[in-house]
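Asks: Quick one: the structure is below, and I'll ask about it shortly.
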Amino acid sequence: MKYQNQNLSEELLTVFSCSCHVLQESLLSSASGYSNYRGILNWCVVMLVLSNARLFLENIIKYGILVDPIQVVSLFLKDPYSWPAAWLITGMDPGTISEMTGLILHFLILTSMLVFPAAIVLTVTSMTPVGGVLSLGVYTVFFLKLYSYQDTNRWCREIRQAKAKRLTRSYSCPSVAQSNGSAVHTNVSYPGNLTHRNMYYFLLAPTLCYQLNFPRSSRIRKRFLMRRLFEMRNSATESKCRVFQWMVPTIQNSMKPFQEMNFSRMVERLLKLAVPNHLIWLIFFYWFFHSSMNFLAELLQFGDRGFYRDWWNSESVTYFWANWNIPVHKWCLRHFYKPMLGKGFSKLQAQIAVFLVSAFFHEYLVSVPLKMFRMWAFMGMMAQVPLAWFVGRFLTGNYGNAAVWLSLIIGQPVAVLMYVHDYYIYHYGTTT
């Protein structure tokens, strides 16, 4: 009997061990809760590398090597009067450079406050297009900074005047010095902040919004600086190679379909330009908003490093514009959007007004250096308003994120082709 029970137990164990099925969902089903797609991401990277390698070899075979480092230097040497005169400080001692920096800042402040934008337009239009974009961009940044500077100090002055009857001591005295590791920074209150040192720090800091006391880091990390500097150099080199090797030949080959109004060829050229243009835009984002601004912030011990948020996860157009360029978003929110709400405008009216101002500056930064007025950048920015409504109403989740990516990948090369085509027609009378 004992032997029979033992055999029965072994048979039952064998039967149950053969039960290899359990209640479960497939991994690729949303109900499974599975989220580790690292292998698929690696597969996408491998496919992207192989695709880029094929395109790169095809480009080399068809056009040869077009990247010429001497050509970049020759742009400065060909007409040095059309570029910002950086060579003036070459060979100067540190004291002279400091004095020249102060004079340059004084000049930028005066021109930004008194003659922006009329005289600046006259100056920029005499430059080359690239030099004009850089110069006008610098002036625009200083204009926005100075607007924030005067706005914030006006608020402080109004608060001070409102409390003047209750306060017996001056606001000009600095408060307690606080120590942050090896650095000591003193907090100031209005009007003790109205000094050249305070204003110059703000003008050089990687922000557009002024406040009396900025958050400061404890020390300058030299390794961090070197990493950012290395990234800046590599990103700039990569962008230059892609522009000369990929974008220039593609744009040149796109002019004939535009001239003949061959729609199918125009679409083919547009899609071919979309990939290198988008990669250059992504490289520029990393170069400017991460490497360059972190380098400057570390150098100035500027503590707020929130220059961008996770815009790549944007499921709506409004989320993208609110998170890809935090300094500009904060300026628009603080000095334009909220004041409009305070004056009785609705949120929709204030949002459309912000897009109008942004569209104006986009067109301003392109049309003036190119010496022509075509409205492509303006219309592209204003098209974001109905696009934002459509995506927010009909697309959510991954579909909304895909729509945002598609607008970025396709929208920019359309504007590039239109401006290049119109530039050659306007200045040379032909696209060939």
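The values are calculated or read from the model by the stated rules, or taken from the named source; none is laboratory data. Remember, predicted model here, so these are calculated numbers, not experimental data. We place every Cβ from the backbone using ideal geometry, glycine too, and count neighbours over all the protein chains shown. For accessibility, only protein heavy atoms count, side chains too; no ligands or nucleic acids. Shrake-Rupley method; radii C 1.70, N 1.55, O 1.52, S 1.80 Å.
Asks: Of everything in the range 363-390, what is open to solvent by 80 Å² or more (accessible area, probe 1.4 Å) and either within 17 Å of residue 140 (Cβ to Cβ) or in contact (Cβ under 8 Å) with a residue 24 or more places away in the chain (or both)? Give them in sequence order.
Replies: 371, 376, listed by residue number.
Asks: Can you tell me which condition residue 153 does not meet? The list is (1) more than 17 Å from residue 335 (Cα to Cα); (2) at pLDDT 80 or above; (3) surrounded by 15 or more Cβ atoms within 10 Å (Cβ to Cβ); (4) not hydroxyl-bearing (Ser, Thr, Tyr), and all the others hold.
Replies: (1)
Asks: Filter the range 347-362 for residues that are open to solvent by 50 Å² or more (accessible area, probe 1.4 Å) and polar (S, T, N, Q) and give the result.
Replies: 349, 351, listed by residue number.
Asks: Filter the range 197-243 down to residues that are within 17 Å of the chain's Cα centre (by Cα) and among the hydrophobic types (A, V, I, L, M, F, W, C), then give me how many there are.
Replies: Selection size over the range 197-243: 5.
Asks: Kindly establish whether residue 275 is β-branched (Val, Ile, Thr), more than 25 Å from residue 361 (Cβ to Cβ) and more than 11 Å from the chain's Cα centre (by Cα).
Replies: The answer is yes for residue 275.
Asks: I'd like the residue in the range 198-251 that is without any contact (Cβ under 8 Å) to a residue 60 or more places away in the chain, among the basic types (Lys, Arg) and over 21 Å from residue 282 (Cα atoms) and, out of all such residues, is most open to solvent (accessible area, probe 1.4 Å).
Replies: Among residues in the range 198-251 that are without any contact (Cβ under 8 Å) to a residue 60 or more places away in the chain, among the basic types (Lys, Arg) and over 21 Å from residue 282 (Cα atoms), the one most open to solvent (accessible area, probe 1.4 Å) is 223.
Asks: Being closer than 23 Å to residue 311 by Cβ and among the aromatic types (Phe, Trp, Tyr) narrows it down to one of 288, 263, so name that one.
Replies: The conditions single out 288.
Asks: Which condition number in (1) surrounded by 15 or more Cβ atoms within 10 Å (Cβ to Cβ); (2) over 24 Å from the mean Cα position of the chain (by Cα) is the one that residue 261 fails?
Replies: Single failed check for residue 261: (1).
Asks: Another one. Say whether the condition of being charged (D, E, K, R) and modelled with pLDDT of 85 or more is met by at least one residue in the range 371-379.
Replies: Checking the range 371-379: not a single residue is charged (D, E, K, R) and modelled with pLDDT of 85 or more.
Asks: Taking residue 281 and the conditions (1) surrounded by fewer than 20 Cβ atoms within 10 Å (Cβ to Cβ); (2) in contact (Cβ under 8 Å) with a residue 60 or more places away in the chain; (3) more than 25 Å from residue 354 (Cα to Cα), which numbered condition does it fall short on, given that it satisfies the others?
Replies: (3)
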